[in-house]
Amino acid sequence: MRPLIRALSFLALLLCFQVQGAYLFDEYQEYPVDYSDEKKDDSADKKPQCNEPLAPEFGKVLVVGNFLEINSRAIFTCEQGREMEGSMTSKCLDSLQWSLPPPKCVKKCSVPKVQHGRIGRPSSFLSFVRRERWSELPEGQKLEDKVLLKLRCDDKYEPLGKHTFEETVNCENGEWFPIPQCEPAKCRSKPPESANATANKVNGSHGERVMYTCIPSFRKKVQETIVCEFGQWTGLVPVCTNTSEDDGIDKAEDMSADKKVLAIINTLKKFRVNLLRQHFKTVSDCSAFQKTRHKKDLFTRIARWALRLEEFDYEMKHRDGGRMKHVDVVSRYSVII
């Protein structure tokens, strides 16, 4: 009897429940109830994406649209002072690849201002003979990278460290190689030699002076200077003479100058009363007296004697000794020591 009752009860339950799920009946609505312990897989709802785009060096990247999903776009920007080479945007394709690579942010080259020089573009052409043209580029003009240009320096100038007036230069990413610079030309030749003297070592830089040293038993008779000026040695070479020969010559010259100056002094004193408060001219072949009075050179003894003539209003005129022979006999007095 009990098995029959159990069978009838089971059939009654089938009327209320379905095999694949159970429904709770309500007066107005039925609600599905899932008693399965299995977890749902969320991977089916996740959409495919591109990898995050790379920002250019010295720049930034911004993705717009659904982040990194198909059809999203990346927008690139560069830092101030740099220009973009390449596309400003890139699109995420169905293949999950970006349509274009990131651009480059570069510094554009421009023609700089060069002191004592110019930058130009060389161009060769063939006619009867091969010749090269050179066209100067205006300052500030934009240039493409790695273009070969020519630096030309003005007359008496040369590229830094070069022995030519022209040098090849190029620019890449805003940097010049080498830096266009012109400097005063160097003296490449040796400085002139001086007899009985040696010169110090020089590198020939503009404005450099050569120092000469007389060999033993010689001294400089004439003090002159040699200077490098824009690639050329200029000036006069000093003269070194034997000291034993100079002593006799110098003493004779000094005695002659002393006699001439004393002749002038004694003559002016003799006619002092007539010459005071009068402007007059004195003619002499004594160059030492004239140089001392005009402060071009200083002869101590002559300068001391010239002080005796300060009360007179006079001017000195030098005349060559050959034209003064007619007064030599009467114008020489013994030197007072």
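General remarks:
- Qualifying residue in region 25-36 (condition: hydrophobic (A, V, I, L, M, F, W, C), at pLDDT below 55 and either assigned to a loop (DSSP other than H, G, I, E, B) or more than 30 Å from Asn173 (Cα to Cα) (or both)): yes
- Condition met for Pro180 (farther than 21 Å from Glu83 by Cβ and at pLDDT 90 or above): yes
- For Ser217, the conditions (1) in contact with a helix residue (DSSP H, G or I) (Cβ under 9 Å, 6 or more places away or on another chain); (2) closer than 30 Å to Lys142 by Cβ all hold with the exception of (2).
- The residues on offer are Cys50, Cys78, Cys16, and the sole one that is more than 30 Å from Leu143 (Cα to Cα) and modelled with pLDDT of 90 or more is Cys50.
- Of the criteria (1) touching a helix residue (DSSP H, G or I) at 6+ places or on another chain (Cβ under 7 Å); (2) at pLDDT 70 or above; (3) among the aromatic types (Phe, Trp, Tyr); (4) under 30 Å from Thr198 (Cα atoms), which one Phe299 fails: (2)
- Number of residues in region 178-194 that are over 14 Å from Gly207 (Cβ atoms) and either among the β-branched types (Val, Ile, Thr) or touching a residue at least 24 places away in the same chain (Cβ under 8 Å) (or both) equals 9.
- Checking Lys113, Lys146, Lys150 one by one, the residue that is loosely packed, with under 15 Cβ neighbours inside 10 Å and within 30 Å of Ser205 (Cα to Cα) is Lys113 and no other.
- Filter result for the condition that a residue is acidic (Asp, Glu) and within 25 Å of His116 (Cα to Cα), over Glu193, Glu144: Glu144
- Top-ranked residue in region 81-110 [being assigned to a loop (DSSP other than H, G, I, E, B) and within 30 Å of the chain's Cα centre (by Cα); ranked as surrounded by the fewest Cβ atoms within 10 Å (Cβ to Cβ)]: Gly81
The values are calculated or read from the model by the stated rules, or taken from the named source; none is laboratory data. Quick caveat, the model's predicted, so the values are computed rather than measured. Note that each Cβ is placed from the backbone with ideal geometry, even for glycine, and that neighbours are counted across all protein chains shown.
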